[in-house]
Amino acid sequence: MNQNAYDTMRQPHASEKRNVPPTNTDPNTSTQQIIDRHDRAMSINYGRYPVAMIRGQGSTLYDADDKPYLDLFAGFGACVLGHCHRDLVNAVNEQAQKLWHVGNLFHTEPQTRAAEAISRFGFAGRSFFCHSGADANVAALKLARLHGQQNKGNTTAGRYKVVSTLGSFHGRTFGAMEATGQPKVYEGFGPLGPGHVHVTFNDISAIESAIDDETVAVLVEPIQGEGGVNVPDDSYLADLRELCNQRDLLLIFDEVWTGVGHTGEYFGYQHWNVTPDVMTLAKGVGGGLPVGVTHVSPKFAELFDWRTHGHAVHATTLGGNCLAMAVTATIFDVLHRDQLVQRAKKLGTQITDRLNAFANNNPIIKTVRGKGLYLGIELNLQAANKYTTGGDIVKACMDRGVLINAVQGNVLRIAPALVIKDDEINRGLDVLEEVLSE
């Protein structure tokens, strides 16, 4: 779909039709006033920037002082359709007037529709809905332990160990943080739960060496996110699939970042045509609302069936509530209708080609990697004249009105909404190249 056709199909917000962004008219909500109130009332868990965002539309955010920012990171990938997408606003408004939440002892149509969409665009299976990526991964780990209890192998107590990779990120709850291969996530929270082994990413022999009689699952990201947008060799996931088949291990793909179209496929595993037993989702699957999904192949989904146990073995109160599910189902409708997944693949190639051309004459870029609209730019900071960390470059871009992200100290991440316009991409890259040239 060309840009003109896409812009015609996309339904603009009322403020866009007027071409006049809404403004902040409340004198009591300036940036500094919001920050002061925050620091008095909230736990200081995050190193926040001195910016207070109050509204957004498409790929543009506005702070409390009416400064616009081009958003090339989309709420850590959660705002996959950008800010206040009309279809999502309508979905919430319509559902809010029907039914919000009834608990999971009743069937609801929005939840069913969301689950059907995941099977339709992914692999046939059953979905458990929760609140976050960490929740989804914990559910997957519990499912794996149920499998290990029913299929004990050479053990007496049952299999329970999970192999994951160094540099991975699977969440901050107990269970998910033990699986995460970054010590900074779990340091200070000991004693940690047992059963987690970390090995080098993209090394099948390391996985194989870590498996013993007590191992029940392998958990990996198809593309590592917090580890630096690391893309594996083409054979890696296929070799993992074969290994798990041979050893009766669950293969779990953490698709919290790579799911829902970011990479130019609906789900990251589709780049390699390797289907996992379990896929976990969050971020983009809620469009900015707290949605997590543990999607399980039919063979293993029976492990969660209450009829097998006589009671619920895993549950949640608010997971799969009607408002969130209406949004999730609508996201897949829009991705399909507007061909946004295919567009993400095309834009990703254009961005990569441009940055590689820039890198030919600018040694500060070491490599550009990723797929679709989930890209990492590894920096050679020794070649920088002005900046010493990736965070410095993020700050310089933000000062110029462009939002990106940095991980691992020297990797910039670009992950805009899939509705971003061509001219917005070019404008953002103009700013990034200007900063990198300094």
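Read the figures in this text as sums done on the coordinates, not as results from a lab. These numbers were taken from a predicted model, which means no experiment stands behind them. Positions of Cβ are backbone-derived with ideal geometry, glycine not excepted, and every protein chain shown enters the neighbour counts.
Values computed for the structure shown
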| item | result |
| --- | --- |
| Among GLN182, VAL80, VAL368 - extreme Cα towards positive end, dipole of the chain, charges at beta-carbon | VAL80 |
| Normalised contact order of the chain, rounded percent, pairs of Cα under 8 Å and 6 or more residues apart | 20 |
| Burial order of peptide ranges 258-265, 288-295, 102-109, 392-399 (average beta-carbon count within 10 Å, highest first) | 258-265, 288-295, 392-399, 102-109 |
| 20 Å Cα-Cα reach of LYS142 towards lysines, excluding residues that sit fewer than 8 places from it in its own chain | LYS152, LYS161, LYS299 |
| Dipole of the range 235-325, positive direction: furthest Cα of GLY292, LEU281, GLN270, with charges on the beta-carbon | GLY292 |
| The chain - mean residue ellipticity at 222 nm from DSSP helices (-39,500 (n - 2.57) per run, n ≥ 4, rounded to 500) | -11000 deg cm²/dmol |
| Candidates PRO50, PRO416, PRO276: whichever shows maximal mean-square fluctuation once the chain is modelled as a Gaussian network with Cα springs under 10 Å | PRO50 |
| The range 140-159 versus the range 246-310: alpha-carbon centroid distance in Å | 19 |
| Chain lengthening between THR367 and LYS184 when straightened (0.36 nm per residue, less Cα-Cα) | 63.3 nm |
| Note, ³J(HN,Hα) from phi for the range 268-285, Karplus 6.51, -1.76, 1.60, rounded to Hz, x at Gly and Pro | x, 4, 5, 5, 10, 6, 10, 8, x, 7, 9, 10, 10, 10, 6, 6, x, 5 |
| Projected area, mean over directions - the range 98-337, Cα convex hull, nm² | 13.0 |
| For peptides 69-75, 346-352, 55-61, sequence by mean Cβ density within 10 Å, most packed first | 69-75, 55-61, 346-352 |
| Bridge type composition, the range 98-337 - antiparallel percent by DSSP, nearest 5 | 40 |
| Principal-axis tilt of helix 340-360 within the chain, Cα atoms, nearest 10 degrees | 70 |
| In order through the range 215-227: 3J(HN,Hα) via Karplus (6.51 cos²θ - 1.76 cosθ + 1.60), integer Hz, x for Gly, Pro | 7, 10, 7, 10, 10, 9, 8, x, 10, 5, x, 5, x |
| Net charge dipole size for the range 340-387 [Lys, Arg +1 and Asp, Glu -1 on Cβ; Debye, nearest 20] | 180 |
| Selected from PHE358, ALA384, VAL341, residue furthest toward positive end of dipole (the range 340-387; charges at beta carbon) | VAL341 |
| 0 to 90° range, to nearest 10: angle between helix 422-436 axis and the chain longest Cα axis | 90 |
| Beta bridge orientation in the chain: antiparallel %, DSSP, nearest 5 | 65 |
| Net +/- balance of residues flanking LYS386 in space, Cβ distance below 15 Å, scoring K and R +1, D and E -1 | -3 |
| HN-Hα J in Hz across the range 115-129 - Karplus 6.51, -1.76, 1.60, θ = phi - 60°, x for Gly and Pro | 5, 4, 5, 5, 5, 5, 8, x, 10, 4, x, 10, 10, 10, 9 |
| Residue among ALA140, ALA206, ALA91 with the largest mean-square fluctuation in a Gaussian network model of the chain, springs linking Cα atoms under 10 Å | ALA206 |
| Under 5 Å, built H, 5+ apart or other chain: amide partners of HIS196 | VAL162 |
| Å³ per residue enclosed by the Cα convex hull of the chain | 160 |
| Listed residues SER30, SER132, SER297, most fluctuating in the chain (Gaussian network, C-alpha, under 10 Å) | SER30 |
| Globularity index of the range 340-387, i.e. its alpha-carbon radius of gyration over 2.2 N^0.38 Å | 1.27 |
| Rounded tilt (10° steps) of 133-150 against the dominant C-alpha axis of the chain | 10 |
| Distance (nanometres) between label positions extended 7 Å along Cα→Cβ at GLU433 and ASN154 | 5.8 |
| Inter-probe distance in nm under a simple model that places probes 7 Å from Cα toward Cβ, at ASP305 and ASN385 | 6.8 |
| Amide H partners (placed H, <5 Å) of GLY259, local residues excluded | GLY268 |
| For the range 340-387: relative contact order, % (alpha-carbon pairs under 8 angstrom, 6 or more apart) | 33 |
| For the range 98-337: relative contact order, % (alpha-carbon pairs under 8 angstrom, 6 or more apart) | 28 |
| Charge dipole magnitude, Cβ of K and R +1, D and E -1 - the range 98-337, Cα centre, debye nearest 20 | 820 |
| Net charge dipole size for the range 111-171 [Lys, Arg +1 and Asp, Glu -1 on Cβ; Debye, nearest 20] | 200 |
| Charge sum, other residues only, whose C-beta stays under 12 Å from GLY259's C-beta, Lys/Arg counted +1 and Asp/Glu -1 | -3 |
| Chymotrypsin sites (Phe, Trp or Tyr not before Pro) restricted to the range 137-239 and DSSP loop, no more than 13 other C-beta within 10 Å | PHE174, PHE189 |
